[in-house]
Structure formats: C-alpha cells, structure tokens
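Have a look at the structure below before the remarks.
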Protein chains: 2
Amino acid sequence: MREPPSSAPEGSLIDPEVHVESFRQAREARRLELVEDYVELIADLIGDGGEARQVDIAARLGVAQPTVAKMLKRLAEDGLVQQRPYRGVFLTAAGEALAAQSRERHRIVERFLCAVGVSPETARRDAEGIEHHVSAETLDAFRRFADGHSDA
Amino acid sequence: MREPPSSAPEGSLIDPEVHVESFRQAREARRLELVEDYVELIADLIGDGGEARQVDIAARLGVAQPTVAKMLKRLAEDGLVQQRPYRGVFLTAAGEALAAQSRERHRIVERFLCAVGVSPETARRDAEGIEHHVSAETLDAFRRFADGHSDA
DNA sequence: GCATAAGTATAGCTATTGCTATAACTGCGC
DNA sequence: GCGCAGTTATAGCAATAGCTATACTTATGC
C-alpha cells in the first residue's frame, strides 16, 4: 500500500542518502567535540599558567576530577597528550596541532557571531557548541564575513 | 609556587564561571540533540507518507532498527510520541510542538548559511549539527540576517 | 623528618547510544 | 487459513561520559 519513492517525493523529505550523511556527520562531530574541548582547554591552561592540572581542567569544564582523569587516559592512548603519574599533562605535537586548529576555529566562530549582531556573552557560549559542527567551507564563509564586517 | 589567580589573568583564559557555563550549555544541547532529530524526522515522515515506521526512521538516520526502537521507548516515556505495539509511531501534542520548533530552527539556520555564501549541500549538512547549539538570541540574529539578504 | 593538605589514581556504579542476533507479530499471496 | 516476507520487540554486548568514595602520592609547614 506504499508506492515506491523512486521518482517523485511528495512531501518535504530530502534524498535519504543526503539525510543519512548529514546525521552521520553530526554524530561524528559529536564524538570529537569532547576531545577538542579538552585539548583546546589544556593548551589554554598551559599557555596561561605553564601547566594543566586535573583539578583546574575539572573546574573549567564543570565536571569531577575522576572524569578528567579517565578522559586524559583516553587522550594519551590517542597520542594527543602525555602524562606522567602525579604530574601535569602535556600536549604532544599532534595535540598541539589539534588545539591550534580548534582554537582558531573557535575564535572565528565567535568573531563571526559578534559580526552578525550577537552579544559577546551569547557569542562565547554558542560558539562553544557551534564550533564543532562547522565544516571547512562554512568556516571559510564565516571568516570572510567577519573580515569584511569587523567594524560595521 | 603558584600565585593566586585572584586579580589579573595573565593569559587568554576567560572567567572560570563563564567557561563552566558554556560547557554546561554545550553538554545540555548535546543531550537534547538526538531527541530533536528524532521528533523532527518523525514529523517529516508523517507529513510525507502519513506514517513513520521504525525501518524508515532507521534508514534515514543511518542506524539500526533496534536503536530506533530503544529511542522511541524513551521518547514515549518522555511523552513526546505514542506508539502502539507493532504499529506506527505518532507524535503527541508536546512532540508536535517540539518538532515544529526544531524544524523552524533548522530551516532558519540552513537559510542563513546559504545567505552568507555557503553552498546548499554544505548548508544542509552543517545545519544538522549547528541547529542544536543556537540560542534564541543567535537564532534571531540569523533570521534577521537571512531576511535582509535573501537574494543578495 | 613527619603530619597534613593538596592533587592524582582507581574502583565501581549509572545512563546513554550504538550494535548483532533472534524471537514475536502482521499482513499478504495463494 | 497457512506460510512467508516484512516489521517490530527483546536480549545482551560494548563504548562513552558522568558520578561518589577511597586509596595513593607529592609537597608543604613546622
């Protein structure tokens, strides 16, 4: 009692393959969000005070210290950070690279939001979530726009 | 060997409370993402073909059918959908409301991305992830911008 | 140098979201 | 009305990300 949807979609539904790909991309981004947040924050903490302690990371992220410890173990397995027991945590070359990239993207998104009229506080908070879902092409458009409207 | 960070932040670090709040908001958004995606998709499927079957939802989302079944049970517990065993799934009034809101937000974000010069395909894919992290204020800015540049 | 405070590690729990495999049910053809 | 194909339900597993409680290590003060 269902006609094959081969030719004419009768509603607002888009191509299933595109749909799947969009969701797949969103899931993938969600998986990487936390990793990027951690690496970005560790880079900031090291840049600010010379070291990144678990308690500081936990306080910044708003989570408990064991949660951070577990995550750092995973980041170490992924080769992004290096940790010495009971000592601080450092970024590997790969970690530095990812942090730099994340920070740059974050900065562009935040600046862009301000450029389109969002208040600085909201821009900062929304950028934290949006940055992970911005593709290279969109980031490029954001950068161009922000550059062109930096003082409007 | 660490001075108290009471007065002057010497690096690029923002106020810890703001930091925590940003991450908390991002985590909260992440928790709601899936729910909104499901409800939005169910509304689309019903609007398109009159019914939303688990296999169709699974095919669109790119996940397995049992994953959908489990999620629908949760949505039913949350009062967003109503399901009859071995029959289709329907949206409750609350589900309809959430779907309408999600769809509207999705539409605005996608339209906005196109307005700033992103290609339609990329706009569609990025919107799927971005929409969940856009606050009311930012959405308003997006809408204003898209309305003013609909044909530029 | 020893006690205490601060920071880190570990154990064990929960919830979420994905999977595969398989059982149960519906509806259709014949 | 029986069987088979399609659909849904259920069971059980894994990974992730959070938590509390507690043990361990380091560093500091005296």
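The values are calculated or read from the model by the stated rules, or taken from the named source; none is laboratory data. All values reported here derive from a predicted model rather than from experimental measurement. When we count neighbours, we look across all protein chains shown, and the Cβ atoms used for this are built from the backbone with ideal geometry, even at glycine. Only protein heavy atoms, including side chains, enter the accessible area calculation; ligands, DNA and RNA are left aside. Shrake-Rupley method; radii C 1.70, N 1.55, O 1.52, S 1.80 Å.
Largest GNM mean-square fluctuation across B:I14, B:I57, B:I42, computed for chain B with C-alpha springs under 10 Å, falls on B:I14. Less than 5 angstrom separates the built amide H of A:L91 from those of A:Q82, all sequence-distant by 5 or more or on a different chain.
Kindly identify region B:47-88 as rounded, prolate or oblate by the Cα gyration tensor criterion: order the square roots of the eigenvalues as a ≥ b ≥ c, call it rounded if a/c is under 1.5, otherwise compare a/b with b/c, prolate if a/b is larger, else oblate.
Details: a/c = 1.69, a/b = 1.15, b/c = 1.48.
Cα axes put region B:47-88 in the oblate bin.
Across the identical copies, the label point of B:I14 (7 Å from Cα in the Cβ direction) is separated from its matches by 2.9 nm, in order from shortest. Computed per residue of chain A from DSSP H runs no shorter than four, each worth -39500 (n - 2.57), the mean residue ellipticity at 222 nm is -22500 deg cm²/dmol.
Rolling a 1.4 Å probe over the heavy atoms of the protein chains gives chain A an accessible area of 53 Å² per residue. Comparing A:A127, A:A99, A:A136 in a Gaussian network model of chain A (Cα springs below 10 Å), the most mobile by mean-square fluctuation is A:A136. For the residues A:E110, B:E36, B:E137, a 1.4 Å probe over the protein chains yields an accessible-area ranking, largest first, of B:E137, A:E110, B:E36.
Residues considered: A:A64, A:A123, A:A29. Largest GNM mean-square fluctuation over chain A, using C-alpha springs under 10 Å, is found at A:A64. For the rotational copy relationship between B and A, the axis lies nearest to a chain B beta carbon, identified with its distance in whole angstrom as B:I130, 3. For region B:16-148, the relative contact order works out to 23 percent when only alpha carbon pairs closer than 8 Å and six or more residues apart are counted. Given a 1.4 Å probe and the protein chains all in place, what does the accessible area of A:R60 round to, in Å² to the nearest 10? Estimated to the nearest 10 Å², A:R60 gives 30 Å².
With the label put 7 angstrom out from Cα along the Cα-to-Cβ vector, B:R74 ends up 1.6 nm from the copy partners, going from closest to farthest. Comparing the full protein assembly with the isolated chain, the residues of region A:52-69 losing at least 10 square angstrom of accessible surface (1.4 Å probe) are A:R53, A:A59, A:R60, A:L61, A:G62, A:V63.
With the Cα gyration tensor of region B:97-152 giving a ≥ b ≥ c as the square roots of its eigenvalues, does the rule (a/c under 1.5 for rounded; else a/b larger than b/c for prolate; else oblate) give rounded, prolate or oblate?
Numbers: a/c = 1.90, a/b = 1.29, b/c = 1.47.
Judged from the Cα gyration tensor, region B:97-152 comes out oblate (a/c at least 1.5, b/c at or above a/b).
With label points defined 7 Å past Cα in the direction of Cβ, position B:A100 shows copy-to-copy spacings of 5.0 nm, given to one decimal and shortest first.
Ordered from largest to smallest accessible area (heavy atoms of protein chains, 1.4 Å probe), the residues B:F112, B:F145, B:F90 come out as B:F90, B:F145, B:F112.
Chain pair A, B: how much accessible area is buried, both chains summed, with a 1.4 Å probe, in Å² to 100? Don't skip to the answer; put the middle values down first.
Details: alone 10510 and 10520 Å², together 16040 Å².
Adding both sides of the contact gives about 5000 Å².
Remark: the protein assembly as shown is approximated by an ellipsoid whose semi-axes, taken from the C-alpha gyration tensor as √(5λ), come to 38, 24, 17 Å, largest first.
Is chain A best put as rounded, prolate or oblate by its Cα gyration tensor, with a ≥ b ≥ c the root eigenvalues, rounded for a/c under 1.5, and otherwise prolate when a/b is larger than b/c, oblate when not? Because a/c hits 1.5 or more and a/b fails to exceed b/c, chain A counts as oblate.
State the percentage of accessible surface on region A:16-148 attributable to carbon and sulfur atoms; use a 1.4 Å probe and exclude ligands, DNA and RNA. That fraction is 53 percent.
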